[in-house]
Structures are given as C-alpha cells and as structure tokens.
Amino acid sequence: MNTTAPVSLESYRDALVQGQPQPGDFNQPWLAEQRREAVASLQQLGFPQRRHEAWRYTSVDRLLQQDFVPAGAGLPEIRPDAFLLPQLDAHRVVLVNGRFAAGLSSLDALPAGVTVGSLKQQIERNPIVPAKWIGRAAGAPRHVFSAMNTAAIDDGLVIHLAEGQRLERPIEVLHLTTAPTDAIMAQSRSLLLLEAGAQATLIERFASQDSAAYFTNSLSEIILQDDAGLEHIRQQDESASAFHMHSLFINQYAHSRYRNIAFALGSAWSRSELNIDFLGAGASAELDGLYVTGDQQLTDTHIDIRHSVPGCQSHTNYKGLLHGKGRAVFDGRIEVKSHAGKSDAHLHNANLLLSRNAEVDTKPQLEIHADDVKCSHGTTVGQLDPAQLFYLRSRGIDTGEARRLLCLGFAAEILDRCRFTPLREHVMDAVSARLTRAASAAEQE
C-alpha cells in the first residue's frame, strides 16, 4: 500500500517546481539537466485551458478535481494472466504502475543485437543510448503533462535494435495499473530506437485489474533510422474510472516505414497525441484508428504530422463510434513545408453517432507550403442508415442486433488492418460487447 498522502495535480506540479526529491535521482548530469529544464517549463506552463487552441474542445476540469498518490517504487502484487492472449506468440514485457516488472516479463528468447528492458536499469548500467536519445524526438515540453513526465523520469521501457536486426516475433507490452486503495498517478517513459534497416513489431495494451480511479501519464519516443520499419499496434482499454494521457513522438529518417493501428476503448477521460517528424526523404507513415466512446466518456485524439523533406507519404484514417452521452475529439493536422515537394499526405475522419446525446468535435487540418504535392483531408459525421436497418429487420434480425452488425461493419475497415488474429478478435469482442450494452441502454430510454 502507498502511504503517501493524496495530492492534487496542482500540488504535485508545485512539489516538482520546489525541487522535492523524486524517485530515480540518477547520477547522470544529462538527465539532471533535462529534469531541470522540465521543472523550469512547469513554472511557465499552466494547466490547459479552453482558450488554448489545442485544448479548445477538451476540458481538464474532471482530471484536476482528483487527488492522486504518485506511484511508489515498490511493485504491488498483480496477476497478469487475465490480460494475456494465449494464442499470441510474442516476447512479453509487463509494466505495473509505470514500472518494469522483470518477474512478469518473458524476454529470454531475444536474439543478439536486441535490447528490451527497464529504462531505469539502462540508465544506471549502460546510459549511452538513453543519454543520446531521450528528449530528442519529444523536444521541449508542449504542455504541463509532458513536463511533469520529464521532470520525474524514473522507470519505463527501452527497446533498441541494432543495425539490420529483424525481430520476427512481436514485442507485446502490457501496461497494467492496480490501485485497490489509492488513486495513483503512474508516469512511465518509453524509448524505442531502431537503427538502420532494423524491423520490429510492437503491441501495446493498457489495462487495469480493478475499477479504481487513477491517472496514466505516459510519454514515448520512437526513432526510426534509415530504412528501419516499425509496426505499432496500441489498445487502450483502461478502467472506466481512469484518466489516460499518452504523448507519442516519432522521428523518421530516410525511407523508414511506420505503421500504427490504435484502438481507444476505455477510460473516463483520455487524450492521445501522436506527433511525426519526417527527417529523411522517402519515409512513410500509415495511421489507422478506431475509438468507441459512451457512458459520459471523453476520448480525444490529436495527430500532428510534419512533412519537412521531399518525397514522404502519410495516410491517416480514423473512425469513431459514439453512443449514449459519449464525447470524442479528433484534431488532425498535416503540415507540408516549402521544401517538401513530392509529398503524398491524406487525412480522413469518419464518425457514427448512435444516440442523440453523443457528440464529436472533428477538425482535420492541412497546411501546404509546397508545390507538386498530393494532399487531401476530410471528415464525415452521420448516423446509421435507416434503409440498412430496415433491410436487416425485414430478415428477422432484431433492432439491437441490426445496429450492432452495422456498427461492426463500419469498424471492420480498421479492425481488419490488425494482422494478429488473437488481438483482432479480442478487440472485436470488446467492441461488440460495448455495442450490445449501448443497444440495451438505448432500448430502455
């Protein structure tokens, strides 16, 4: 049990500014300097307000009303068995409350040239890679949450593939949170470096073994050097009482390839930020996402892609299913700079509103400062087609089942992109269960 008294996020921020001791005070000057700079930015960055453009549609009031206990250094008892997908053949990493759990991880079969492990241990024992790359992709904190993460860097995950390494089995990372007595704040930091020509698949899953309120504030940096390739699948299915903030920063060098599939299902309040910088010609990024929100949830997705060099491609396709009193925000921005000719950039967001109380704010943006480019952006917001519902009802399918089938058909484009059958079926079952509950609630209204 954590015996620290609960504090508001304002109080926690003030404690960082005042220099109160934090876990993991490593004897590393480069890390101390990053922490000092993050603390300095905390003095300037207030908590986001609606007047800030990037937070216009997302209020943090619910989050600030909570009192949290910073996750302690000890690992609580937890059984990850209930979250495992037995048919998924993968190297497995388990993080508990933001900390690497060696005893629950399975990494014995990693080949030479591949490092997967605790960020804390890497900083303590062999800090060369963290010292060079932590903070490189993320840059200066853009808001108070990323500053808080950097100011208190302690543990998390490091993945490093040497030049030319190709990892055949995926790496599955289970981010598990348990807060049976206290509302904790878990802050993990991840660093992924794929050197030239390296190839890997990363599957991240966020979940909790109880329904308590807690706050996940994680930050990840991914560096893909020349000709490297990463397939990245991310499932967020946190507790219905949880708050989830994740910032992802990606630097792509020449001819690197990044593929991301994101499923956002859980949390009372969640915000995911995905930032991509093309730093070498010929790089490509393909982003697909599905969010399902209801029951007074807020699901916020922000995507920022910068085409700074010629000949890069980015294709983004996100879909949303909103039921009950669910709210979603989609803010996607693509910038094509003046010297980024031959860019191919497309962004689309489609939403289905399944109730009169559901709401979505969608804002795709495209800024083009170059000639000879292929770019497009668009959004749709609609409801289920009455003609399709009538067709299914006329064949003996009840209304609730008909709505569920049509919604799964809408989501199938994203679900089918996941090539790992156990994971795809797991997500499909979760989506289907949500839709069944939503249909039952709608019938009772």
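List of remarks:
- Convex hull (Cα only) mean projected area of segment 332-445, reported in nm² to one decimal: 9.7
- Under 30 Å from LYS337, Cα to Cα: lysines that are on another chain or at least 8 residues apart: LYS132, LYS319, LYS363, LYS374
- The largest-to-smallest principal axis extents of the Cα set in segment 237-291 are 43, 17, 10 Å.
- Angstrom value of the Kirkwood radius, inverse mean 1/r, which spans all Cα pairs in segment 396-445: 11.5
- Estimated translational diffusion coefficient (Stokes-Einstein, Kirkwood radius over Cα pairs, 4 °C, 1.567 mPa s) of the chain: 58 µm² per second.
- Each residue of segment 147-159 is assigned a 3J(HN,Hα), and the resulting list reads 5, 4, 4, 5, 5, 10, 3, 9, 10, x, 10, 10, 10 Hz, derived from the Karplus form 6.51 cos²θ - 1.76 cosθ + 1.60 (θ = phi - 60°), x at Gly and Pro.
- Separation of alpha-carbon centers, segment 325-355 and segment 85-118, rounded to whole Å: 33
- For segment 372-420, the average shadow cast by the Cα convex hull is 5.9 nm², which is a quarter of the hull's surface.
- Percent antiparallel among DSSP beta bridges (both partners in segment 87-202, rounded to 5): 35
- Under 5 Å between amide hydrogens, built in the peptide plane, is the criterion, and for ALA345 it picks out SER314, LYS374, CYS375, SER376 among residues at least 5 positions away or on other chains.
- Cut-off 11 Å between beta-carbons: net charge of the residues surrounding ARG404, Lys and Arg +1, Asp and Glu -1: +1
- Ordering of 232-240, 386-394 by burial proxy (mean other Cβ atoms within 10 Å per residue, highest first): 232-240, 386-394
- Segment 175-291 - convex hull of alpha carbons, volume per residue in Å³: 76
- Average accessible area per residue (Å²) across segment 1-145 - probe 1.4 Å, nucleic acids and ligands excluded: 55
- Taking N as its residue count, the alpha carbon Rg of segment 21-96 over 2.2 N^0.38 Å: 1.66
- Counting only the Cα atoms, segment 298-344 fills a convex hull of 50 Å³ per residue.
- Solvent-accessible surface of segment 150-308, taken per residue with a 1.4 Å probe and all protein chains present: 22 Å².
- Carbon plus sulfur fraction of accessible area for segment 109-233, probe 1.4 Å, in percent: 46
- In this structure the amide hydrogen of ASP210, modeled in the peptide plane, comes within under 5 Å of the amide hydrogens of ALA179, none closer than 5 places in sequence on its chain.
- Accessible surface of segment 288-419 [probe 1.4 Å, protein heavy atoms]: carbon and sulfur percent: 49
- Dividing the mean sequence gap of close Cα pairs (under 8 Å, 6+ apart) by how many residues segment 149-280 holds gives a relative contact order of 23 percent.
- Relative contact order of the chain: 10 percent, from C-alpha pairs under 8 Å at least 6 residues apart in sequence.
- Measuring between their Cα centroids, segment 148-172 and segment 406-440 lie 28 Å from each other.
- Taking every alpha-carbon pair in segment 259-378 and binning the separations at 10 Å intervals from zero gives 15, 43, 26, 14, 3 percent.
The values are calculated or read from the model by the stated rules, or taken from the named source; none is laboratory data. What you are looking at is a predicted structure, and each value in this text was computed from that prediction instead of being measured. Counting neighbours? That spans all protein chains shown, and the Cβs are built from the backbone with ideal geometry, glycine included. Protein only, heavy atoms only, side chains kept; ligands, DNA and RNA dropped before computing areas. Shrake-Rupley method; radii C 1.70, N 1.55, O 1.52, S 1.80 Å.
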